[in-house]
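*Asks:* Structure below; questions to follow.
The values are calculated or read from the model by the stated rules, or taken from the named source; none is laboratory data. As the structure is a prediction and not an experimental result, all values here were calculated from the model. Cβ sites come from the backbone with ideal geometry, for glycine too, and all protein chains shown count toward neighbours.
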């Protein structure tokens, strides 16, 4: 008679222990990669493998940051950039979601303007920044609009595509139970596409920051983009 080997059962406690251990190792390796990057960078500049004047070094970055700390100037610039980023991010979220819902609700409208959305999304947004300065002036409004333009069209296209690809069986079930289009939207379409919305938000926060920096390059007297341009003009490369 053959003996069967008993398969060890993984308890919930063992699973959670392994999960915590794996999470710690992931964090450790992330920190290790960052430390190695800065260590190699510092070593390369000290050994003159790369030009320290052009590429700077981690130590010079720390010293340049320390020079901005006493007067609190750096925090003022960071605060302005973050404020502009969060305002543009919120507006992108509202405009993107509202427009995607409108296009899903009225398919005739989506058929008309979808080619224009694709064309607008493919435009080089940084090239439009000087035009925005002429239209809106040299102020925060221009910077926020520049950031919105960088992110909103892609958000609309992606959310609308996810909305129209909602599971048709779930939509049919709601219709069978007497639900209307509003019920389909709030009970099927939006709940099913929440992961896509959250994923879009993760991408948009970075795009809005990039858009704000681009806007500050051209239309600001404060903010991180302004500091970068000022540092490049006076060759203060560690500050950049």
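*Asks:* Can you name every one of the helices (runs of 4 or more DSSP H) wholly within the stretch 56-143 that holds 1 or more residues which are assigned by TED's automatic domain parsing to the domain that holds residue 189 and within 17 Å of residue 160 (Cα to Cα)?
*Replies:* Values: elements: 58-68, 73-105, 107-122, 125-136.
The helices (runs of 4 or more DSSP H) meeting that bar are 73-105, 107-122.
*Asks:* Enumerate the pairs (first residue in the stretch 64-86 and farther than 10 Å from residue 227 by Cβ; second residue anywhere and in a helix (DSSP H, G or I)) with beta-carbon separation below 6 Å, excluding pairs fewer than 6 apart on the same chain, so at least 6 apart or on different chains.
*Replies:* What qualifies is 64/238; 64/239; 84/143; 84/144; 84/212; 85/208; 85/209; 85/212.
*Asks:* If I filter the stretch 171-192 for residues that are under 30 Å from residue 80 (Cβ atoms), at pLDDT 85 or above and part of a helix (DSSP H, G or I), do I get at least one hit? Steps first, please.
*Replies:* Of the stretch 171-192, the ones under 30 Å from residue 80 (Cβ atoms) are none.
Taking every residue of the stretch 171-192 in turn, none turns out to be under 30 Å from residue 80 (Cβ atoms), at pLDDT 85 or above and part of a helix (DSSP H, G or I).
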